[in-house]
Amino acid sequence: MGNKSDKIGAVAVIGGGITGIQSSLDLAEMGFKVYLIEKTPAIGGIMAKLDKTFPTNDCSMCILSPKLVDCGRHENIEIITNSEVQAIEGEPGDLIVKVLKKPRYVDLELCTSCGDCTEACPISLPTEFDHGLSERKAIYKYYPQAIPNAFIIDKEGDGEHKGCVDCGKCVKVCKAGAINHDEKPENLKLNVGAVIIATGAQPFDPIIKPEFGYKKYDNVLTSLEFERILSPSGPFKGKIVRPSDQKKPKKIAWVQCVGSRDKSIGNEYCSAMCCMYTAKEAIIAKEHDSNIHPTIFYIDVRSFGKDFDKYIHQAKKEHKIRYVRSRLSEIFEDKKTKNLIVRYEDESGDLKEEIFDMVVLSIGLCTTNARKTFLDKMDLKRNEFDFVEVNPQSPVTVSRPGVFIAGSFIEPKDIPESVMQASAAASKVAELLRHSRGTLVKERKFPAEKNVSEQKPRTGVFVCDCGINIGGYIDVPNVVKFAQSLDNVVFAEEYIYTCSQDTQKKIAETIKKYNLNRLVVAACTPRTHEPVFKRILKEAGLNPHLFEMVNIREQCSWVHMTDKTKATEKAKTLIAMSVAKARLLNPLSDMEVDVTQKALVIGGGVSGMTAALSIADQGYKVFIVEKESSLGGKLRYISYSLEHPDIKKYLADTKEKVLNHKLITTFTDSKLKIIEGFVGNFKTIIETPKGEKEINHGVTIVTVGTQEYVPKSYHYGKDSRVITQRELEKKLGLAKPEEIQNGETYVMIQCVESRDNDRPFCSRTCCIQALKNAIKLKDINPRAEVFIIYRDMMTYGFKERFYKEAREKGIMFLQYDENRKPEVLIDNNMIVKFYEPLMQELLEIPTDYLILSTGLKPSLDNEKIAKMLKVPLNSDGFFLEAHVKLRPVDFSTEGIFVAGTCHSPKFISESISQAFAAASRAGVLLSKDKYKIEANVSLILEDLCRGCGTCVELCPYNAIELKEIDNLGHKMTVATVNSALCKGCGTCSAACLNGAISHLGFTDGQVLAMIDVYSNKGG
Amino acid sequence: MVINMEEFEPKIVGFLCNWCSYAGADLAGTSRIQYPPNIRVIKVMCSGSVDSVYIMRALLEGADGVFIGGCHPGDCHYLDGNYKARRKSVLLKSILDTIGLEKERVWIRWVSASEGQKFADTIKEMTEEIKKLGPNPISKHWNI
Ligand code: FES
């Protein structure tokens, strides 16, 4: 490793979808300068287009937009949109990324996003974001919540439609002077230490499959188009209508596996998420309109992920979604009604036809020629599917050092897996550039804060015209005059744009000149602009919390455009309310706690070891606690693997690295006794064979793994011919496999005692384990007959290739019906008896061996550890992360992370990815010696508290405890808030019957003052 | 005093959670969806932080209606603040009757960040409903 100055402390992240966003945020928080390079005019990627996300049906934009805003305002992130990477040159640690930046023709600094230009523009084109289902102008915003929140001019058009005609109308109406039609493309050269590629994959274009009638028939849509239709901000405002006649459809068909698992177009892999989003779209469609009857045409339902099976179950049982296992042959249109006739082959091979009002094609993800060329140009190896080739033992590492990858660019995958890999890639970068952390970021220095607590409130009110966006619909001079008349207001004035650079300067001057100690800005929404104004306060030496923002644009002028008098009245009241609140504002201090820059990893399996190594390679000390006598966890029982060439060697190497790492201390045969504390400051007592040991650490990572499930049925344990997959694997893995190889027939039953009422989840790994063992059997004993009896083959993503390999090797796949489990008859012979729905026949297979795929179950330790750490488990007993989609390795308790199979069953590579991800999230905290605490926390007023404990119960973050204090000789119990854990939701203060809790920034006094102003006098 | 129903413009105090409903109201703005100007929004961090005292104070001081907007069930930024808000509002409404106030004056609704239209529609509907109910009867007592 080099010296401090060797490597560049900056990173280029290519691709501004959720993956690139997460990598950027992690790295920027760790102290690296980030260039986030995006091809389109705004970040957000596919996720920004989605209506809801499975399996929680969260609103996609609600969970994404805080991340977009974080990226947009982060001091260490520079977003470069409309740009493409041309080349990456140089050595790891010191690379040059060449970027072609196309002109936007709108100045990001000056554009206030008012939209006047769009109004004036005479040119209309189809909207890319809505996939042509709506129109936009030649000057437009990519989507309403876009970051950067600015307009762009389309000069090129889209082939059929011409773009900007240089009429200059937009220039005339833009009061901010933000438009420059002469902007030229720029060639940027970014000097960085590492690159992360996260450009995603391309949604499949079904035009290549003419039998589906896409683009030929109006009412055949892709699933992504359907997401836009579902979206309340989409082309039809969330109403489900047919594009052909805007009528409400009743029967909608979804066709799965469009562009996936399809040899004819060379996509012989599964896209891994279509089964789930299809179920979601069908459920949501029905929720929107109960008259809709969804039908899903499918091959397999691959509900392999955490809580997926329950979701599909709900779709079928609660929402009565009709699932038809079938192969689709063709779609026709009834010319008159524009209805669609779907022709398909059903399970038994019969050809059928059915009429639908609308058909949605569940498209997969694929690569493109452009991507292939990109890979070649970047000197990255391609795999058999023309995606990028990765190292399965470090799934974000590619053939070129210094370049890392994440997300669907590697393999089709859903959001949480992409987010995990995003963090994983960030942790690899942090390892590589660890000596350069913090070298290229600037921390802004602000003048010391003036103490204004003794002063009377002197409030300044700044009212924005926002060009004509506010000024056109509200009588601003009148509002200003009113503001001047309010108590404690010593200054009020009107500005064309309060957020423009020169007004910002004026505000700073005004603060000084009038000695203001409270600031009220009446303009647009605080959600985007509050940070801008808070910074002005800081620069002027005022506490940033002495600020109130009044939203008179989004929530006044724009929604009351036809009644100027009433809009003006409303604006006045809103300002009076905020002035009343401002009067009662107190300076709040952003508190900090020290961070012990060490990590504790609980569990020394593959996830634990990987996380520990990555954190240690980032430069921090790590402790591993392992209850068994050696490291390795379940990996010790894996003899061979389809994906990992030499798994035994991998385990041995990893163990050795851990044991020899200077920064890692391993305690084997050890258990946790007590763990207490909070983010940055945990204190743990470990019971080791040599006695108790106390350690201090700043973060905790839970990687305790899972257990094999031991079956009760099928004579297991009673007949030696009945074994589990793991037992078979062990036997086959021996240098000289035992007699087991000499059988003639082997039957494997999938999903044994799993995916049912008692264990309602899929263990994800058993299908591949069965394939792996079946292939091995065939390799050793080619004459053996191997049957796999399954419900759904969960060979998602590129794992489909093993399914194919198994079929080619002559392994036989038969289905069984989940409601009619196979039976096993044993006397001297063993016979497996079951109903095969494809053949519609009752089959009997005599067999020498019966192998049971039983899956995993949560470790017995989970409950104990969950209780100790006060983190939740899901209903199956696996650890429950903070957010299924966007925080897949965090717990909602700050400073505690999860990885590996204790989170949910997964493969080795996936555990490794998740462990790297946890290492990255931990690295974010460990990179700082102080942890900043929210200022808007709750505060207990001990004099009023009666120690009833209501707040303790209600706090979602376990941030409140009861403690005993001494009050003038009387012992009393009061509540106390740990600010490091409090997230400032205010639930406690709302529930406290004694008014003993003050929610800082939203105190009862402040809120009541606002209420009184309006209820009493306000108009 | 004779109240002319035509001219009666209800005063509605709105509490919107920072994460979903406030964003939904913003989207109504960016999409220029028009709704009646009768609501004055107070931003709160979470619908769960709306103290019943706030609602009572607004009604006693003369507001004609109170609107609480939170994230959809399961979407609350703070896990389950919206459930707590719902529970509290049910309790509160049950006592409104006893003091001579219609419980229809307090609305609690879930509005997500992408439901600008729904926000506007809800406010429109609420304004109309409150117009039908007429002015807050209690505020008159307190004006004596
Ligand atoms: S944050 Fe929206 S309801 Fe809790």
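The values are calculated or read from the model by the stated rules, or taken from the named source; none is laboratory data. Computed from a predicted structure; not experimentally measured. We place every Cβ from the backbone using ideal geometry, glycine too, and count neighbours over all the protein chains shown. Areas reflect the complete protein model, heavy atoms only, side chains present, ligands, DNA and RNA absent. Shrake-Rupley method; radii C 1.70, N 1.55, O 1.52, S 1.80 Å.
Run the paramagnetic zone check for residue A:727: 7 angstrom along Cα to Cβ, then residues of segment A:764-804 with backbone nitrogen under 17 Å. Residues A:770, A:773-774 qualify, since their backbone N sits under 17 Å from the label point.
List the relative contact order of segment B:12-140 as a percent without decimals, with contacts defined as Cα pairs under 8 Å and 6+ residues apart. Mind dumping the intermediate values first?
Numbers: 229 pairs, mean separation 48.6, N = 129.
Relative contact order for segment B:12-140 comes out at 38 percent.
Taken residue by residue and averaged, Cβ atoms of other chains lying within 10 Å of the Cβ of A:997-1009 number 3. Charging the Cβ of each Asp and Glu at -1 and of each Lys and Arg at +1, and nothing else, the dipole of segment A:756-798 about its Cα centre rounds to 180 debye. In this calculation the C-beta distance from residue A:319 to residue A:485 is compared with R0 = 60 Å, giving a FRET efficiency of 0.55. Compared with the direct C-alpha span, the chain from residue A:961 to residue A:817 gains 46.6 nm at full extension, assuming 0.36 nm per residue. The Cα atoms of segment A:843-896 cover 56, 26, 16 Å along the three principal axes, with the biggest extent listed first. Protection proxy ranking of A:816-829, A:602-615, A:376-389, A:133-146, by the mean of other Cβ atoms within 10 Å over each peptide's residues and highest first, is A:602-615, A:133-146, A:376-389, A:816-829. Among residues other than residue B:94 whose Cβ falls under 15 Å from its Cβ, what is the net charge (Lys/Arg +1, Asp/Glu -1)? Neighbour charge sum, excluding residue B:94 itself: +3.
Quote the relative contact order of chain A in percent (integer), defining contacts as alpha-carbon pairs under 8 Å separated by 6+ residues. Reported as a whole number, the value is 11 percent. Per residue of A:557-568, other chain Cβ atoms within 10 Å of the residue Cβ number 4 on average. Can you pull the Kirkwood radius for segment B:12-140, inverse mean 1/r over Cα pairs, to one decimal in Å? With all distinct Cα pairs of segment B:12-140 included, I get 14.5 Å.
For residue B:124, the aspartates and glutamates whose Cα falls under 17 Å of its own Cα, not counting residues fewer than eight places away in the same chain, are A:554, A:563, B:6, B:7, B:9, B:26, B:64, B:104, B:115. Which distance in Å, rounded to a whole number, links the C-alpha centroids of segment A:924-941 and segment A:188-246? Using only Cα atoms to place each centre, the spacing works out to 41 Å.
For chain A, compute Rg over Rh where Rg is the Cα radius of gyration and Rh is the Kirkwood radius from the inverse mean 1/r over Cα pairs.
Working: Rg = 30.9 Å, Rh = 31.4 Å.
Computed over Cα atoms, the ratio is 0.98.
How large is the helix-only mean residue ellipticity at 222 nm for chain A, computed as the sum of -39500 (n - 2.57) over DSSP H runs with n ≥ 4, divided by its residue count, in deg cm²/dmol to the nearest 500? Present the calculation step by step, with values, prior to reporting the outcome.
Working: 23 runs with 259 residues, N = 1019.
One gets -7500 deg cm²/dmol as the mean residue ellipticity at 222 nm.
In terms of the mean number of neighbouring beta-carbon atoms within 10 Å, the peptides A:111-123, A:651-663, A:672-684 order highest first as A:111-123, A:672-684, A:651-663. Cross-link reach is defined here as a Cα-Cα straight distance under 18 Å, omitting same-chain residues fewer than 8 places apart; for residue A:172 the aspartates and glutamates meeting it are A:107, A:116, A:119, A:154, A:182, A:183, A:465. Taking the charge dipole of segment A:559-689 about its Cα centre, with +1 at Lys and Arg Cβ atoms and -1 at Asp and Glu Cβ atoms, the residue from A:605, A:631, A:672 reaching farthest to the positive side is A:672. Taking the DSSP beta bridges with both ends in segment A:608-734, the antiparallel portion is around 80 percent. Based on Cα contacts under 8 Å between residues 6+ apart, segment A:273-395 shows a relative contact order of 17 percent.
When its C-alpha radius of gyration is set against 2.2 N^0.38 Å (N residues), segment A:848-975 gives a value of 1.47. At q = 0.14, 0.16, 0.27, 0.30 Å⁻¹, work out log10 I(q)/I(0) for segment A:320-380 with the Debye formula, treating every Cα as an identical point scatterer and leaving solvent out; two decimals please. The Debye formula, applied to the Cα set alone, gives -0.60, -0.67, -1.17, -1.23.
Sum -39500 (n - 2.57) across every DSSP H segment of at least 4 residues in chain B, then divide by the residue count to get the 222 nm mean residue ellipticity, nearest 500. Mind showing how you got there, number by number?
Working: 5 runs with 61 residues, N = 144.
Per the formula, -13000 deg cm²/dmol.
Taking the C-alpha atoms only, the angle from helix B:81-96 to the longest principal axis of chain B is near 10 degrees.
Charge dipole of chain A (Cα centre as origin; +1 on each Lys and Arg Cβ, -1 on each Asp and Glu Cβ, all else neutral): 1300 debye, rounded to the nearest 20. A straight Cα-to-Cα reach below 20 Å connects residue A:673 with the lysines A:598, A:627, A:683, A:690, A:693, A:864, A:867, A:870, residues fewer than 8 places away in its own chain not being considered. Here chain B carries DSSP beta bridges of which approximately 0% are antiparallel, counting only pairs with both residues inside. Annotation: the antiparallel percentage among DSSP beta bridges lying fully within chain A is about 50.
Dipole size of segment B:12-140 about its Cα centre, with +1 on Lys/Arg Cβ and -1 on Asp/Glu Cβ: approximately 160 debye, rounded to the nearest 20.
Taking the charge dipole of the protein assembly as shown about its Cα centre, with +1 at Lys and Arg Cβ atoms and -1 at Asp and Glu Cβ atoms, the residue from A:177, A:279, A:394 reaching farthest to the positive side is A:177. The modelled label-to-label distance between residue A:808 and residue A:868, using points 7 Å beyond Cα along the C-beta direction, is 4.8 nm. Only one residue of A:571, A:878, A:195 has its Cα farthest out toward the positive end of the dipole of the protein assembly as shown, where Lys and Arg carry +1 and Asp and Glu -1 on Cβ, and that residue is A:571.
How much accessible area per residue does segment A:507-611 have, counting only protein heavy atoms and a probe of 1.4 Å, in square angstrom? Write out the running numbers ahead of the final one.
On the way: 3160 Å² over 105 residues.
On a per-residue basis, segment A:507-611 sits at 30 Å².
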